[in-house]
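Structure record follows, encoded as structure tokens.
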Amino acid sequence: MKRLNLVVLASGGGTNLQAIIDNIEAGKLSARIRAVISNNSKSGALERARKHNIPAIHLSHKQFATPEDFDQKLLSILKEKETDMVVLAGYMKMLSPRVIREYKNKIINIHPALLPSFGGKGMYGLHVHEAVIGAGVKVTGVTVHIVDEVYDHGPILYQKCVPVSSDDTPESLQKKVLPHEHEVYSKVIQLFAEGKIEIKDNRAFIKE
Ligand code: GAR
């Protein structure tokens, strides 16, 4: 089976990255992480990458004169790493249309709610769970989707429901949802490695 070359982009603690690393090391995921890129030099994600001898790259728009220069650098890294798939794991920056077009249907994102609800600008991390609690919904969950040019949008690959209890807080919900993210993200990447994902007319299907 093909081993997918992954480049993971992350801004925060990197627990989703860690789950992917652990699943690869346990032989459950046919992939290798060619690099971890973060806009945040102090991110836990970069630290986790270094611990596992994965190239850890701090790449921020602040290092470049123009957004085009940033894109040029990012694209040259992705090319050099022979990237099959770009994995956004808590990456808080929007990728440009140019990058998204060059890697069409090859960039995936995980979101800690059931899209298209509770997504869009400003909807990241704890804010998502605050909105879920505020709306009083009884189920939330995890969505993995292909990234297109609209924030938190693009063909949905996989969703999993998580019940919301009456005593949940945004923090407790975040804690409850996170382990499901860890499980689901590797599962979806493995389906790609097995060639089981088909994208047609803006919808994604899992081939039997
Ligand atoms: C995760 O919950 C991920 O779903 C979320 O950020 C967190 C990152 O955690 N992403 C978004 O909200 C994207 N809109 P991690 O750094 O521990 O993986």
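The values are calculated or read from the model by the stated rules, or taken from the named source; none is laboratory data. Since the model is a prediction, treat every value here as computed from it, not as a measurement. Backbone-built Cβ (ideal geometry, glycine too); neighbour counts: all protein chains shown. For the accessible areas, the whole protein counts, side chains as well, though only heavy atoms, and no ligand, DNA or RNA atoms are used. Shrake-Rupley method; radii C 1.70, N 1.55, O 1.52, S 1.80 Å.
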- Query: Residues of the chain: accessible area per residue at 1.4 Å, in Å²?
  - Reply: 51 Å²
- Task: Using the 2.2 N^0.38 Å rule of thumb for compact globular proteins, work out how region 1-116 stacks up: its C-alpha Rg over that value, please.
- Result: 1.02
- Can you work out the FRET efficiency for the pair Glu171 and Glu208, with r the C-beta to C-beta distance and R0 = 41 Å, to the nearest 0.05? 0.55
- How far is helix 67-80 tilted, in degrees, relative to the longest principal axis of the Cα atoms in the chain, given as a value from 0 to 90 rounded to the nearest 10? 80 degrees
- Two pseudo-spin positions, 7 Å from Cα along C-beta at His52 and at Val150, lie apart in nanometres by 3.3 nm
- Message: Using protein chains only and a probe of 1.4 angstrom, how many square angstrom of His182 are accessible, to the nearest 10?
- Response: 50 Å²
- Message: With the cut-off at 18 Å, tell me which of the pairs Lys93/Lys175; Lys138/Lys175; Lys81/Lys196; Lys28/Lys106; Lys2/Lys196 have Cα atoms farther apart than that.
- Response: Lys93/Lys175; Lys81/Lys196; Lys28/Lys106
- Query: For the chain, modelled as a Gaussian network with Cα springs under 10 Å, which listed residue fluctuates most, Leu157, Leu191, Leu88?
  - Reply: Leu191
- So what does Thr66 come to for accessible area, using a 1.4 Å probe and Å² rounded to 10? 50 Å²
- Message: Give me P(r) over the chain, computed from all C-alpha to C-alpha distances, binned every 10 Å, as integer percentages.
- Response: 9, 35, 38, 16, 2
- Query: Which percent of the accessible heavy-atom area of the chain goes to carbon and sulfur, probe 1.4 angstrom?
  - Reply: 51 percent
- Would you kindly find the accessible area of Ser60, with a 1.4 Å probe and non-protein molecules such as ligands, DNA and RNA excluded, rounding to the nearest 10 Å²? 10 Å²
- Mean residue ellipticity at 222 nm from the helices of the chain, using -39,500 (n - 2.57) per DSSP H segment of n ≥ 4 over the full residue count, to the nearest 500 deg cm²/dmol? -11000 deg cm²/dmol
- Query: Which angle between 0 and 90 degrees, to the nearest 10, do you get for helix 15-25 versus the longest principal axis of the chain when only C-alpha atoms count?
  - Reply: 60 degrees
- Among Met123, Met1, Met92, what's the order by accessible area (1.4 angstrom probe), most exposed first? Met1, Met92, Met123
- Starting from the Cα of Ser30, step 7 Å along the direction of its Cβ; do the same at Asp201; then give the gap between the two resulting points in nm. 3.0 nm
- Item | Net dipole in debye of the chain [+1 Lys, Arg Cβ; -1 Asp, Glu Cβ; about Cα centre; nearest 20] | 440 debye
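What do you get for Rg/Rh of region 134-208 when both radii come from the Cα atoms and Rh is the Kirkwood radius? Display every interim value, and only then the final one.
Details: Rg = 14.4 Å, Rh = 13.8 Å.
Here Rg/Rh amounts to 1.04.
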- Straight-line reach from Lys79: which aspartates and glutamates have Cα under 14 Å away, leaving out those fewer than 8 places along the same chain? Asp71, Glu102
